[in-house]
Amino acid sequence: MREPYRLTPPLALRVGIFGAFALLVFGVLFFRLWSLQVLSGTHYLAAAQNNQLRLVRIEAPRGPILDRHGRLMVSNVAGTAVQLSIGDVPQARRARLIRRLAHVLNVSPRALARQVVEFGSDPLSPVTVKTAVREAQIEYLYEHQAQFPGVRIVETYLRDYQYGSLGAQILGYVGEISADELKRLHRDGYVAGDRIGQTGIEGAYDTYLRGHDGLDQLHVDSLGRPVSALQPRQEPRAGFGLRLTIDTRIQRAAELALRYGINLAHADSHWAANGGAIVALDPRDGAVLAMASNPTYKPSLFVGKVDSKKLAPLLNAEAAKRANTPGLNRAIAGAYPPGSTFKPVTALAGMQEHVFSAYDPLQCSPVAYYGLDRQKFTNWDPYVDKPMTLPEALAQSCDTYFDEIGNRFYERGPEGRVRLQQWARKFGFGQTSGLDIGGESSGLLPTPDWRKQHFRSDWDRAWNPGNSIQLAIGQGDLLVTPLQMAVFYSMLANGGNVVTPFLVSDVEQPGNGKRSSDVVLRRFAPKPPQPSGVDPAALQAVRDGLYKATHDPTGTSSAVFGNYRVPISGKTGTAEKIVQLPGYPAGHTEDQSWWCGWGPSDNARLVVCALIENGGHGSAAAAPAALKVFEKFFNVPGPQAVRVNVD
């Protein structure tokens, strides 16, 4: 018998197709293996090596901050920090590790977990768990290192504020970068865990102060555990130093003067006095010699172990309100009615617009009536009833004299009703002054258009005679900052030029010891003062009045400055403001105590503007406080001041 064929043609076709497919698969695998081994071998070898290496950022010390004479205000001290690289922790162990680490370091587990979640998009960047760690905690972490994967103990630098709370609102503070800040600053090289300036000089000049971090490399195993010592790769470079225009002697005198003024207000039965501000400027270029705000705080609260209870008045709105907002820099962000310190503005604007003449007498009466409804306006002193020239009216701060000027502006029609505001804006009101750390309030310079935009009823929307009159004496809706007032009085002192205040004079290479090495890398030249366009004769009439205010027997602050050996010119102010105080009904008003002026009168070197919140009359609290600053600046003690209750 014949045996049948075992390999039929259909079967042979199938075997051929399968063989070709197998050859194709093996060919693809061969060429892929060849590509990995030959073409990309170098790349993957480097990647494998890099997977064994960990780059560790070495924090650079922040630059020092010095006063104008080189005295160290802010420096650094060495500290120890604990960081967590969450990418080195297995997902299943993270929750337990966070709880244990928080317990060891005495931090909030919830806060640490929230921090890890916020920066979870960058798992290789370490999160700073705590700075200023105690020695016992460090030893425990070293002894139990295997139980804390991803935890590193690093050397760090902590900010050291040499004078405690001195200049706190100016200097600001440093804090760990937030998730929102990281999104905004990531392109500039910031990473999770970085500490950056948050406010004041620290915040505005962070790019100069922060320096450039260094890099070390470390060999790790597959679990991220170190298997070698740190090897330097790039040395950190310290931040640059900043020299301020602040004089620590004058700054301390200003802060003590604020407390002195508040105590005087309390002694005069103004128990609601609870804060204030003092600004001291060089009227020649706008350099800020002192900027004090009360109440204040210690920037060191943000250094090392942070106590949430102590920080509450600085970070929590309700706690801040109860503590009278210590974080607020009242010198630049507090807005107040200026009262009679605004009268020189009215006087200059009135003379420039030919509303009145400085030496043509106007009646200073106890009472004056204006408008169709004969609204009543009174002078603070009901016993004065006589004609006065401008210098006399400024010296005695006659309200009804300036009421008349305000009414004359009103009677000039729609265009005349904004001319006072236009001159006030030229002098720096209703806008920020351009201070280099920012954070300024622009205040409020009311106009007819402003009333139309912000009020609903026809009566409130209208600009009535009373609005012009109230504005003329620094009341009504007008709001200014102490810095704006200091800039204006600098213009009066220097002969008519508006200065731009500034706090930083130059950037320096940091040196060793208590003072800078004086290697200036960049100098910040002050902006040239801008002419105000005021007629010199009008300016001199105002200056004469402000000299009489401090030296004439009838001057409102002559009891404070009349016998001082350095001639001082200036103006008091008492401004009503609605305040909310515990135990008082809504709409309760308190007098804000003001004094602004300069010295010496004929060759001004220092302008001082003092405000005592709820402090009563200007001569009773603010003027004596300002005198304390002049005493320190000129190193000339003043006589025992006799306080009188006048505007």
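The values are calculated or read from the model by the stated rules, or taken from the named source; none is laboratory data. Since we're looking at a predicted model, the values are computed, not measured. Heads up, the Cβs are rebuilt from the backbone with ideal geometry, glycines too, and the neighbour counts pull from every protein chain shown.
Residues that are crowded, with 23+ Cβ neighbours inside 10 Å and within 26 Å of the chain's Cα centre (by Cα) within the range 258-279 comprise Leu258, Gly261, Ile262, Ala273, Gly276, Ala277, Ile278, Val279, listed in sequence order.
Just one of the numbered conditions (1) among the hydroxyl-bearing types (Ser, Thr, Tyr); (2) crowded, with 21+ Cβ neighbours inside 10 Å; (3) more than 26 Å from Leu435 (Cα to Cα); (4) in contact with a Gly (Cβ under 6 Å, 6 or more places away or on another chain) is not true of Tyr564: (2). For the range 285-320, filtered to residues that are part of a loop (DSSP other than H, G, I, E, B) and touching a Lys or Arg at 6+ places or on another chain (Cβ under 8 Å), the residue that is surrounded by the fewest Cβ atoms within 10 Å (Cβ to Cβ) is Lys305. If we scan the range 302-325, do we find a residue that is touching a strand residue (DSSP E or B) at 6+ places or on another chain (Cβ under 9 Å), at negative phi and polar (S, T, N, Q)? The answer is no; no qualifying residue exists.
Yes or no: the range 591-605 includes at least one residue that is without any contact (Cβ under 8 Å) to a residue 12 or more places away in the chain, closer than 28 Å to Thr389 by Cβ and over 28 Å from the mean Cα position of the chain (by Cα). There is at least one residue in the range 591-605 that is without any contact (Cβ under 8 Å) to a residue 12 or more places away in the chain, closer than 28 Å to Thr389 by Cβ and over 28 Å from the mean Cα position of the chain (by Cα).
Let's see how each residue does on (1) at pLDDT below 80; (2) among the hydrophobic types (A, V, I, L, M, F, W, C):
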| position | (1), (2) |
| --- | --- |
| Arg195 | no, no |
| Gln198 | no, no |
| Ile201 | no, yes |
| Gly211 | no, no |
| Gln234 | yes, no |
| Phe240 | no, yes |
| Asp247 | no, no |
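Gly334 fulfils the conditions (1) out of contact with any Pro (no Cβ under 6 Å at 6 or more places or on another chain); (2) closer than 30 Å to Gly439 by Cα; (3) modelled with pLDDT under 95; (4) not hydrophobic (A, V, I, L, M, F, W, C) except for a single criterion, (3).
Within the option set Gly286, Gly275, being more than 30 Å from Lys527 (Cβ to Cβ) and touching a residue at least 60 places away in the same chain (Cβ under 8 Å) holds for one residue only, Gly275. Within the range 321-356, restricting attention to residues that are β-branched (Val, Ile, Thr) and assigned to a helix (DSSP H, G or I), the residue that is surrounded by the most Cβ atoms within 10 Å (Cβ to Cβ) is Thr341. Can you find a residue that is touching a helix residue (DSSP H, G or I) at 6+ places or on another chain (Cβ under 7 Å), modelled with pLDDT of 95 or more and under 18 Å from Glu631 (Cα atoms) anywhere in the range 261-270? Yes. Taking the range 113-140 as the range and being at pLDDT below 75 and not hydrophobic (A, V, I, L, M, F, W, C) as the test, the residues that pass are Glu118, Gly120, Ser121, Asp122, Pro123, Ser125. Among the residues of the range 475-489, the ones that are surrounded by 24 or more Cβ atoms within 10 Å (Cβ to Cβ) and farther than 20 Å from Ser293 by Cα come to 1 in all.
Going by the conditions given, is Lys426 of a type in the set (D, E, K, R), surrounded by fewer than 24 Cβ atoms within 10 Å (Cβ to Cβ) and within 16 Å of Ile473 (Cα to Cα)? Spelling it out, it is not the case that Lys426 is of a type in the set (D, E, K, R), surrounded by fewer than 24 Cβ atoms within 10 Å (Cβ to Cβ) and within 16 Å of Ile473 (Cα to Cα). Listed by first and then second residue, the pairs linking a residue in the range 395-418 that is at positive phi to a residue that is surrounded by 17 or more Cβ atoms within 10 Å (Cβ to Cβ) and assigned to a helix (DSSP H, G or I), with Cβ atoms under 8 Å apart and 6 or more places separating them unless they lie on different chains, are Ser397/Ser340; Ser397/Lys343; Ser397/Ala549.
Restricting the range 435-477 to residues that are within 28 Å of Pro526 (Cβ to Cβ) and either at pLDDT 95 or above or among the aliphatic types (A, V, I, L, M) (or both) leaves a set whose member that is farthest from the chain's Cα centre (by Cα) is Leu445. Just one residue in the set Gly164, Gly200 is at positive phi, surrounded by fewer than 17 Cβ atoms within 10 Å (Cβ to Cβ) and under 18 Å from the mean Cα position of the chain (by Cα); that residue is Gly164.
Are there any strands (runs of 3 or more DSSP E) wholly within the range 143-210 with 3 or more residues that are aliphatic (A, V, I, L, M), and if so which?
Working: elements: 151-161, 174-176, 195-197.
Counting at least 3 such residues, we get 151-161.
Yes or no, residue by residue, for (1) at pLDDT 95 or above; (2) farther than 20 Å from Pro465 by Cα; (3) out of contact with any Phe, Trp or Tyr (no Cβ under 9 Å at 6 or more places or on another chain):
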residue	(1), (2), (3)
Trp380	no, no, yes
Leu390	yes, yes, no
Asp403	yes, no, no
Arg412	yes, no, yes
Leu420	yes, no, no
Gly428	yes, yes, no
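When Val629 is tested against (1) surrounded by fewer than 17 Cβ atoms within 10 Å (Cβ to Cβ); (2) within 28 Å of the chain's Cα centre (by Cα); (3) of a type in the set (A, V, I, L, M, F, W, C), just one condition goes unmet, and that condition is (1).
Considering only residues that are polar (S, T, N, Q) and in contact (Cβ under 8 Å) with a residue 24 or more places away in the chain, which ones fall in the range 79-104?
Those that are polar (S, T, N, Q) and in contact (Cβ under 8 Å) with a residue 24 or more places away in the chain: Thr80, Gln83, Ser85.
Residue selection: Leu45 fails the criterion of being closer than 24 Å to Gly189 by Cα, more than 39 Å from the chain's Cα centre (by Cα) and either modelled with pLDDT under 80 or not assigned by TED's automatic domain parsing to the domain that holds Ile196 (or both).
Table: residues versus (1) in a strand (DSSP E or B); (2) at pLDDT below 95; (3) crowded, with 21+ Cβ neighbours inside 10 Å; (4) among the aromatic types (Phe, Trp, Tyr).
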{"residue": "Lys527", "(1), (2), (3), (4)": "no, yes, no, no"}
{"residue": "Gly545", "(1), (2), (3), (4)": "no, no, yes, no"}
{"residue": "Thr574", "(1), (2), (3), (4)": "yes, no, yes, no"}
{"residue": "Gly583", "(1), (2), (3), (4)": "no, yes, no, no"}
{"residue": "Ser601", "(1), (2), (3), (4)": "no, no, no, no"}
